[in-house]
1. Confirm whether Asn187 is modelled with pLDDT under 90, within 20 Å of the chain's Cα centre (by Cα), of a type in the set (S, T, N, Q) and at negative phi.
2. Residues of the range 82-92 being more than 15 Å from the chain's Cα centre (by Cα) and modelled with pLDDT of 90 or more, which ones?
3. With (1) modelled with pLDDT under 95; (2) farther than 15 Å from Gly85 by Cβ as the list, and Ile178 as the residue in question, which single condition is left unmet?
4. Is one or more of the residues making up the range 101-122 assigned to a loop (DSSP other than H, G, I, E, B) and either at positive phi or modelled with pLDDT of 90 or more (or both)?
5. Pairs please, first residue from the range 46-69 and in contact (Cβ under 8 Å) with a residue 60 or more places away in the chain, second anywhere and in a strand (DSSP E or B) and surrounded by fewer than 17 Cβ atoms within 10 Å (Cβ to Cβ), Cβ atoms under 9 Å, 6+ apart in sequence or on different chains.
6. Pairs only if they're at least six apart or on different chains, beta carbon under 6 angstrom, first in the range 156-180 and at negative phi, second hydroxyl-bearing (Ser, Thr, Tyr) and at pLDDT 80 or above; list them, first residue then second.
7. State whether one or more residues within the range 207-214 are at pLDDT below 80 and surrounded by 16 or more Cβ atoms within 10 Å (Cβ to Cβ).
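The values are calculated or read from the model by the stated rules, or taken from the named source; none is laboratory data. Only a predicted model underlies this, so the values are computations on that prediction, with no experimental measurement involved. With ideal geometry, Cβ positions are generated from the backbone for all residues, glycine too; neighbour counts draw on all protein chains shown.
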Amino acid sequence: MTLSKMCLLSLFFLTISSFTTVSASDKDYSDPQALVDQSSVVLQTFKDDPNMTWFRDNVQRAKAIFIVPQMLRAGFVIGGSGGSGALLSRDIKTGDWSYPAFYTMGSVSFGLQAGGETSEIILMIMTEKGMDSMLTSSFKLGADASVAAGPVGTGVKAATTDILAFARSKGVFAGVSIEGAVISPRNKWNASYYGQPATPADITIRHMVTNPHADKLRSLVNKKDK
């Protein structure tokens, strides 16, 4: 086997390994109960972070929030990211937050990159267009709904955008880019968690199902921090 073929073969196996790692990220939270529990931890961490002042002060303005406790990104030339998340929406009349609907979030990117990172991500859904996108069968951030990095510190008035992204990450990648990520409902998880089939709209808008297990997370979102 020539040297060039050996290099190509090595590259192939490294690429496959990257995708295997990304796919395995979903297994870290193997059921919706575990994801809800960890979402509470992540949300509290964001609220306590002194760099997330704008997030803490404005989360009650959002139409919904989408919490991804672990977004794993790994790559070698071809990169990918994947994770599961919980969506809670705010009732515009009462201000109360809904029970969570479950989704997957993932993307594939190309470029000169090597390494991996694990990120905690919270998306603030700010517009009707952003909320409508979350209630579809699948949509792409940046294409079907605009997305921008959320302000840090005290921040400034956010530019008009559908979705603001806040992230905390560790690893060799500098920063977190989620533009191009595809978000889709986890219908089996929604049915399992609520004991019956339920769409994200049934859960977050129509309030047709409940599960007391999520009350801690809902209470934490409802809490107005000083």
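1. Numbers: modelled with pLDDT under 90: no; within 20 Å of the chain's Cα centre (by Cα): yes; of a type in the set (S, T, N, Q): yes; at negative phi: yes.
It is false that Asn187 is modelled with pLDDT under 90, within 20 Å of the chain's Cα centre (by Cα), of a type in the set (S, T, N, Q) and at negative phi.
2. Of the range 82-92, the ones more than 15 Å from the chain's Cα centre (by Cα) are 90-92.
Within the range 82-92, Arg90, Asp91 qualify.
3. Failing condition for Ile178: (2).
4. Residues of the range 101-122 that are assigned to a loop (DSSP other than H, G, I, E, B), as a first pass: none.
Checking the range 101-122: not a single residue is assigned to a loop (DSSP other than H, G, I, E, B) and either at positive phi or modelled with pLDDT of 90 or more (or both).
5. Phe46/Arg168; Asp49/Arg168; Asn51/Arg168; Met52/Arg168
6. Thr161/Ser146; Asp162/Thr127; Asp162/Ser146
7. Initial filter on the range 207-214 (at pLDDT below 80): none.
No, the range 207-214 has no match at all.
Condition check ((1) modelled with pLDDT under 85; (2) more than 15 Å from Arg218 (Cβ to Cβ); (3) surrounded by fewer than 21 Cβ atoms within 10 Å (Cβ to Cβ)) across all residues:
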{"site": "Pro32", "(1), (2), (3)": "no, no, no"}
{"site": "Asp37", "(1), (2), (3)": "no, no, yes"}
{"site": "Thr45", "(1), (2), (3)": "no, yes, yes"}
{"site": "Asp57", "(1), (2), (3)": "no, yes, yes"}
{"site": "Gln60", "(1), (2), (3)": "no, no, yes"}
{"site": "Pro69", "(1), (2), (3)": "no, yes, no"}
{"site": "Arg73", "(1), (2), (3)": "yes, yes, no"}
{"site": "Val77", "(1), (2), (3)": "yes, yes, yes"}
{"site": "Gly80", "(1), (2), (3)": "yes, yes, yes"}
